[in-house]
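Just dropping this structure here.
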Amino acid sequence: MRTKNKIYAAFFTVCTTFLLAQSGIQSKHILDLDGASTHIKIQPTMYGIFFEDINFAADGGLYAELIKNRSFEFDEPLTGWKQPNTKTLSPNLDSGFLIIHTDASKTNKNYARITVLNDKNYLLENEGFRGIGIHQGEKYDFSFYLENVSGNIKEMKAELIDEKGQSIVAVSIPVSGKGWQKYAAVFSPKRTVEKAKLQITFVGNGVVNMDMISLFPQDTWKGRKGGLRKDLVQKLYDLKPGFLRFPGGCIVEGRTLAERYQWKKTIGKVEDRENLINKWNNGFAHRLTPDYWQSFGLGFFEYFQLSEDLGAEPLPILSCGMACQFNTAELVKMEDLDPYVQDALDLIEFANGDISTPWGKVRAEMGHPKPFNLKFIGIGNEQWGEDYIERYKVFEKAIHAKYPKITIVSGSGPSPDGEFFEYGWKELKKLNAQIVDEHYYNSPEWFLENATRYDKYDRKGPKVFAGEYAAQSVGVVKPENKNNWLTALSEAAFMTGLERNADVVTMTSYAPLLAHADGWQWTPDLIWFNNLSTYATPNYYVQKLFSNNKGTDLLKITENGKALTGQKKLYSSAVFDEKSKEIIIKIVNADIQPKEMNLNTKNLRFGDKMIKIILSADTLDTENSFTSEPIQPKENSESIKRGKISTEIPPKSVVILKINKL
Ligand code: AHR
């Protein structure tokens, strides 16, 4: 009988939902908003960004260098380079040839020795990062180091050509004198081309050595020479992130310990920074990227500088002596851990030390005498098991002995539950860990069902950093995953749960952040770009709406005395912003029918206008693209009549309501 009843009830619900959806009849909801303080602060770090050099995010992306393998350091030193007129059979008397010379005493040891035998024919070409993006009317700094070894080479010519081999712009640079010299010229292209190539030719025959062949737009973020891509940084800036986590991700750990990220190798002069294979080069057999390396032009100094530019707290993550446990899981022995710990201590000095300290002096010499005011440091990325806890303890002791005010972020492994997760949390709690990083890549349904995840977390335990999360439309690391509206909507629903638990969750970030449309390994990603432009995903707009409206104090919003965590597919959280004096209510309607929302308020006086921002799409599979962004926030203003707040929450939407508190 019971089963029968259940079947009837289910049938009734399905029919009613269908009929309501068809008729457009709205279900009515009376929410109660209490303007009195909950005494829970929304941390300024609540919504931040996770940066990792995956998907060409740094080289080929944010770092605006346009020449791939500019100093011939890749394992295959001619990766990205071609000599189209040089026959493979020597002696190439009709053109010339290039061989790689190595100076083992240097960090950046390779250079190209070019022998020009017939300057009419010799040609050297660089393909850029899936082409070179060139904008009409902009200026590009071209530079290289050259040593005139022998012969009578008088000029070096550089030309940008389009996909059809047609010239876009050319410069010619006189070569003179002996010894290594830096040469420079400026390209002023009259056309926009997405996939240009650089061609180098010579006037005269002879032998030259070349290194650091580089091309940068002048119009970088803040106009810095050799700086960052302006359009991409702008997108990050617009998020108003509370923190910037860098440099990853698994890239911190490396496939092997030798390939881990070592911050000291990423500072100083760019030409002296030792290149390293990128972990994502062959991370996935289905997305092999053999031309993916790290030049470290975007290194730790630049990450700190970027954090400062964005007004975000820097959050560097360091290797704890464990290589990626999905790869070799190589472990440094406990007795050999000291240099790793020292790296962490030195990094804090590099960021915060007075210029009289050894590492503070290095920072000052790089152009930033003022400290970066580092407050957080992460030990290990996504480590798990006893080996991690054992190593974490050593780091924690050493860091807090010297820098008691630094907050340490520890990790709980790659999953949001299960044996490793439980063990990590249990041990970290015992150790009074300060902030624990959790990672979850999961289905949209999981996100919709887990808005209550933190409701029962221990209020006296470590704080939570939801450090990597993203809804996967197909499955984790599936190349078919899409940044569609369903994924963004489900993340928004989940994020109301993060916000409602702001006393436990103090930092959150979507991952990964950036992806080159022609060079990605992992999808979904927050921002997509190609050589010329970028677009924001629906997920980006969800992040932006939450981050730009994070407020300062949590408020209580309920229906029938309960937080909205998915009842009738509605989710909600509310905050007060003490600067703007606004009450900000976030409502996510994951239902296919609209909802009529009436708000009862107490302990609150407010004005007669309400700003309403709506993010929604007609269908759950809608996506944004380079050519159109159908999903973006739409803002309007509604009047509040006789103190009654009443509004419609459209189907499948994220709605932000802002009301002035009097
Ligand atoms: O975000 C992509 C990867 O996912 C990160 O590098 C890693 O931490 C996680 O497994």
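So between Lys397 and Asp94, what do we pick up on full extension, going 0.36 nm a residue minus the alpha carbon distance?
102.5 nm
Restricting to DSSP H runs of at least four residues, report the calculated mean residue ellipticity at 222 nm for the chain, -39500 (n - 2.57) per run over all residues, nearest 500 deg cm²/dmol.
Computed ellipticity for the chain at 222 nm equals -6000 deg cm²/dmol.
Once Rh is set to the Kirkwood radius over Cα pairs, what Stokes-Einstein translational diffusion coefficient, in µm²/s, holds for the range 81-217 at a temperature of 37 °C and a viscosity of 0.692 mPa s?
Translational D for this selection: 213 µm²/s.
Continuing with the same structure: Taking 0.36 nm per intervening residue step and subtracting the Cα-Cα distance, what contour gain separates Ile611 from His368 on full extension?
83.3 nm is the gain from fully extending Ile611 to His368.
With a/c under 1.5 counting as rounded, go ahead and sort the range 453-578 into rounded, prolate or oblate using the C-alpha gyration tensor (a ≥ b ≥ c being the square roots of the eigenvalues; past the cut-off, prolate if a/b is larger than b/c, else oblate).
In terms of gyration-tensor shape, prolate.
PRE reach from Asn209 (point 7 Å along Cα→Cβ): which of the range 38-67 fall under 16 Å by backbone N?
none
A further question on this structure: Could you name the lysines in cross-link range of Lys109, using Cα to Cα under 19 Å and dropping any fewer than eight places away on the same chain?
Candidates past the 8-residue exclusion: Lys68, Lys182, Lys264, Lys265, Lys269.
Once you mark the GluC sites (Glu not before Pro) that are in a DSSP loop and have at most 14 other Cβ atoms within 10 Å, what is the longest gap between them in the chain?
Between exposed loop sites, the widest span is 164-479.
What is the distance in Å between the Cα centres of the range 296-348 and the range 157-206?
If we compute the Cα centre of each part, the gap is 38 Å.
Semi-axes of the range 306-346's equivalent ellipsoid from the Cα gyration tensor, sqrt of 5 times each eigenvalue, largest first, rounded to whole Å? Let's see the in-between values first.
Numbers: eigenvalues 147, 45, 4 Å².
Each semi-axis is the square root of five times an eigenvalue, giving 27, 15, 5 Å.
Separate question: Evaluate the chain: find the radius of gyration of its Cα atoms, find its Kirkwood radius, and give the ratio Rg to Rh.
Here Rg/Rh amounts to 1.03.
Looking at the chain, do any whole DSSP H helices span at least 24 angstrom along their long axis by alpha carbon and average -0.5 or above on Kyte-Doolittle, and which?
Long hydrophobic helices here: 2-23.
Using Cα-Cα distances under 8 Å and only pairs 6 or more residues apart, what relative contact order does the chain have, in percent?
Relative contact order of the chain: 16 percent.
Within the range 445-544, list the trypsin sites (Lys or Arg not before Pro) lying in a DSSP loop whose Cβ has at most 13 other Cβ atoms in a 10 Å radius.
Here the trypsin sites (Lys or Arg not before Pro) that fit, given the DSSP loop and packing criteria, are Lys456, Arg459, Lys460.
Report the relative contact order of the range 81-217, percent, no decimals, based on alpha-carbon pairs under 8 angstrom and at least 6 residues apart.
Working: 346 pairs, mean separation 45.8, N = 137.
Answer for the range 81-217 is 33 percent.
A further question on this structure: Apply 1/(1 + (r/R0)^6) to the Cβ-Cβ distance of Thr552 and Thr79, taking R0 = 45 Å, and write down the FRET efficiency to the nearest 0.05.
0.35
Grab the beta carbon distance between Lys644 and Lys568, set R0 = 22 Å, and tell me the FRET efficiency rounded to 0.05.
0.55
Throughout, read-outs are computed from the coordinates displayed, never taken from laboratory work. Predicted model only: the values in this text are computed from it and were never measured. All Cβ positions, even for glycine, are placed from backbone atoms using ideal geometry, and neighbour counts span all protein chains on display.
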